[in-house]
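Below: one structure, written as structure tokens.
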């Protein structure tokens, strides 16, 4: 995947994801307790996403347009606001 493309991780906290997907209806991986299932999925996938992401953009509280602008800025090498600093609950790819 990394050999032919740039990988962008749109990193989002579980609470935000839960608000976005609601009960998880129609999403088999989220059936039952969507929040708990999202937390488990995130825990399992975090290491993989961190290891392959070329660009990480935190999306909590941002509109789709702002997220797109931040992705574009990072891909072009522009600086973006400090809102994309590491968070203790979601380590960045460049952090151990």
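Laboratory data are not the source of any read-out in this text; all were calculated from the coordinates shown. Since we're looking at a predicted model, the values are computed, not measured. Backbone-built Cβ (ideal geometry, glycine too); neighbour counts: all protein chains shown.
Across segment 3-15, not a single residue is classified as under 13 Å from the mean Cα position of the chain (by Cα), surrounded by fewer than 13 Cβ atoms within 10 Å (Cβ to Cβ) and within 23 Å of residue 74 (Cα to Cα).
A quick yes/no check of all residues on (1) assigned to a helix (DSSP H, G or I); (2) within 24 Å of residue 63 (Cβ to Cβ); (3) touching a residue at least 60 places away in the same chain (Cβ under 8 Å):
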site: 6; (1), (2), (3): no, yes, yes
site: 19; (1), (2), (3): yes, yes, no
site: 24; (1), (2), (3): no, yes, no
site: 29; (1), (2), (3): yes, no, no
site: 38; (1), (2), (3): yes, yes, no
site: 43; (1), (2), (3): yes, no, no
site: 47; (1), (2), (3): yes, no, no
